[in-house]
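Structure first, then comments.
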Amino acid sequence: MQDRVTITMLEDGIADVRLIRSNKMNALDPAMFRGLTEAIDQLKTMPGLRVVVLSAEGPAFCAGLDLSSFGQSDDKKDGDDPTRGLSPRTKGISNDPQYVAYGWREIPAPVIAAAHGVAFGGGLQLLSGADVKFIHPETRCAVMEMKWGLVPDMAGFPLWRENVRGDLLRELTYTNREFSGREAVEFGFATHVSDTPQTDAMALAKVIALKNPHAVRAAKRLFTVKSHSTDAELLQAESVEQDGIIRKPNQVEAVMASMEKRKPEFVD
């Protein structure tokens, strides 16, 4: 993992996660797929985690699939290719490539992404797995797969259906035309335009890290339930989550810290 992705734990349970294949614009080769998978697995079970900030070093967030590293003919390299045999479910409800994007939704804590430079294809889908997305206005974005005769298959469709208008998504998919970071926010692929996306993402993380972690995690679970539940199921889920939080020590501490105008001291 360390040659593709790093995790640095900061104050208040904030995980600073960075793609570090900067010389290749953080393109997705087999090692990057493994590194991201390992990072997600590690974050899912990390004690004391409050917020994740996902960003990238170098000139780009992620240029998408590194085509030069796939499609090799010998068995050894084929066995290392996560794009072969995609139908079996290998990571819960997803396959290995889908997990690299969708897995961020399965991390209990909120994930905030910061994108710059380029977010093409799999890189755009990786960005889309975050709860909140900051993007530089001049970032080059594209649903790129059609250029290579493919369809988006790294969880883009379930991640985009919540925010991106259907007819617009069809056009962008069929044509693979580029759009800017500013347009990405307008279209629904990102949340905020920022000249300093990583800095702004970290500032938001610091705000969220000072909220009741049990309530934040419960809210994220409810957002996940929302995507595939009826109103009745979601109403029930709200009640169950609230019963697990209300009048508990962290909820009381949230009230007391607010009233006393001090930093809260939560216990995970």
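The values are calculated or read from the model by the stated rules, or taken from the named source; none is laboratory data. Everything numeric in this text was worked out from a predicted model, so none of it was measured. Note: ideal-geometry Cβ built from the backbone for every residue, glycine included; neighbour counts use all protein chains shown.
Which helices (runs of 4 or more DSSP H) sit wholly inside the stretch 93-200 and have at least 2 residues that are closer than 21 Å to D29 by Cβ and touching a Ser or Thr at 6+ places or on another chain (Cβ under 9 Å)?
Result: 96-106.
Got at least one residue in the stretch 260-267 being within 30 Å of F33 (Cα to Cα), over 18 Å from the mean Cα position of the chain (by Cα) and surrounded by 19 or more Cβ atoms within 10 Å (Cβ to Cβ)? Looking through the stretch 260-267, none of the residues is within 30 Å of F33 (Cα to Cα), over 18 Å from the mean Cα position of the chain (by Cα) and surrounded by 19 or more Cβ atoms within 10 Å (Cβ to Cβ).
Which residue, of L127, L150, is surrounded by fewer than 24 Cβ atoms within 10 Å (Cβ to Cβ), assigned by TED's automatic domain parsing to the domain that holds D96 and among the aliphatic types (A, V, I, L, M)? After applying the criteria, what remains is L150.
So, of the residues in the stretch 201-223 that are basic (K, R) and assigned to a helix (DSSP H, G or I), which turns out to be farthest from E171 (Cα to Cα)?
Let us first name the residues in the stretch 201-223 that are basic (K, R), namely 206, 211, 217, 220-221.
After this cut, where a residue has to be assigned to a helix (DSSP H, G or I) as well, the list is 206, 217, 220-221.
Values: K206: 37, R217: 35, K220: 31, R221: 32 Å.
Only one residue tops the list, namely K206.
Of all the numbered requirements in (1) in the same structural domain as A142 (by TED's automatic domain parsing); (2) over 30 Å from P264 (Cα atoms), Q198 misses one, and that requirement is (2).
Name the residue that is nearest to the chain's Cα centre (by Cα), counting only residues in the stretch 89-101 that are free of Cβ contacts under 8 Å to residues at least 60 places away in the same chain and crowded, with 24+ Cβ neighbours inside 10 Å. Only one residue tops the list, namely A101. Whenever a residue of the stretch 26-37 is more than 15 Å from V118 (Cβ to Cβ), its partners that are part of a helix (DSSP H, G or I) and aliphatic (A, V, I, L, M), lying with C-beta atoms within less than 6 angstrom and at least six residues away or across chains, give the pairs F33/V100; L36/V100. Among residues of the stretch 180-204 being without any contact (Cβ under 8 Å) to a residue 60 or more places away in the chain and among the aliphatic types (A, V, I, L, M), the one that is nearest to V143 (Cα to Cα) is V185. Which residues, counting only those in the stretch 1-48, are modelled with pLDDT of 95 or more, at negative phi and among the acidic types (D, E)? Within the stretch 1-48, E11, D16, D29, E38, D41 qualify.
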